[in-house]
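Read the structure below first, then the notes.
Please treat every number below as a calculation from the coordinates, not as lab data. Here the structure is a predicted model, which is why all the values come from computation and not from measurement. Positions of Cβ are backbone-derived with ideal geometry, glycine not excepted, and every protein chain shown enters the neighbour counts.
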Amino acid sequence: MKSFSFSCRIQTLCSTNGQFFYINPKNQLAFTSICSAFCSSVHNITWNVYRASINQTIQWIPFPLIKSSWFFENFTLTKEFFFDNAEIKYWRLEVIYHFESIISQNTFDIEINDSPKAGQCTIEPQNGTILTLFTINCLNWIDQDGIKDFTILLDDVVLTSANQSIIELYLPASSDLILTVQIRDEFDSMEEIVLSNISVSYDDFEIHQLISNLFTNQSQNTIGQLINSIAHVLNQINEQTVQRNSVFAVGFSITPLHNIKYHQVNI
């Protein structure tokens, strides 16, 4: 008799893959259990962790160094835990409710989803202006579940995302731009590549041209990139003005387009 429910707290991090829940070891994994019957008579809640030994059948072996006796409904396996035990592919998490007259238990079986591998990402050109259409080329990425998409981030903010491996985009002005490329498989396991030493400049003509492009472009993705570039330029101009005239900065923000999160900057 089950007297409680047991689940991964963030459902999108625990995709089902047949017998197992398929998880990305680079994420922290939080579990929650909710009592549904005899709740006033709960004496103890026990959490146990097992690793699998696979011969012809799966044998679950208790994993040491995990405190098993708790009185909490929640339990977390950190990404450091998975990193320190990277050689283990299969795990079982067990929670046991000890009631006054009965014991009820449930298990959650995990298979580690390896992230995409063996590929590389490059950007061309390395130097350009705010009007330059940069090309990011991600080659030779493989994953047994298939590649889902490629996402480009600047300071943890999404610039663009696409399911093709060649991505064109406009970049904001900076003398040392650092981009992060996230490569995800179909179950959201992810690898990251850092692209650095990118230089993007601007002048007055390019600013006016950038604004003109903003009103003539029909692609919302590109419009978001142009708005982001304009925000960076305004921010740099404001910083120069503040330093030169010792005036106070004012607030300036960008409204996101659809589900893409763009910069909110102070100028």
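Taking a Cβ cut-off of under 13 Å around ARG51, the surrounding Lys, Arg, Asp and Glu residues balance to a net charge of -3, with basic ones at +1 and acidic ones at -1.
How charged is the neighbourhood of PHE108? Take every other residue with its Cβ under 11 Å from the Cβ of PHE108, and add Lys/Arg as +1 and Asp/Glu as -1. Spell out each step's value before the answer.
Working: positive: ARG92; negative: GLU94, ASP109.
Charge balance in the 11 Å sphere: -1.
By the scheme Lys and Arg +1, Asp and Glu -1, what is the net charge of all other residues having a beta-carbon under 15 Å from that of ILE61? Don't skip to the end; give the middle numbers.
On the way: positive: ARG51, LYS89, ARG92; negative: GLU87, GLU94, ASP109.
Around ILE61, the charge tally is 0.
Here the gap between ILE61 and THR78, fully extended at 0.36 nm per residue and compared with their Cα-Cα distance, gives a gain of 4.1 nm.
The GluC sites (Glu not before Pro) of the stretch 28-129 meeting both criteria, a DSSP state outside H, G, I, E and B (loop) and at most 10 other C-beta atoms within 10 angstrom of the site's C-beta, are GLU87, GLU100.
For the stretch 71-114, which chymotrypsin sites (Phe, Trp or Tyr not before Pro) pass both filters: DSSP loop (anything but H, G, I, E, B) and at most 15 other C-beta atoms within 10 Å? When the chymotrypsin sites (Phe, Trp or Tyr not before Pro) of the stretch 71-114 are filtered for loop state and at most 15 Cβ neighbours within 10 Å, PHE71, PHE72 remain.
Can you give the log10 of the normalised intensity I(q)/I(0) at q = 0.11, 0.16, 0.17, 0.24 Å⁻¹, computed with Debye over equal Cα scatterers of the stretch 4-112? Here the Debye-derived log intensity ratios amount to -0.35, -0.74, -0.82, -1.43.
Normalising the average separation of contacting C-alpha pairs (under 8 angstrom, six or more residues apart) by the number of residues puts the relative contact order of the stretch 37-182 at 18 percent.
Using Cα centres only, tell me the gap between the stretch 5-50 and the stretch 114-149 in whole Å. Between the Cα centres of the stretch 5-50 and the stretch 114-149 lies a distance of 35 Å.
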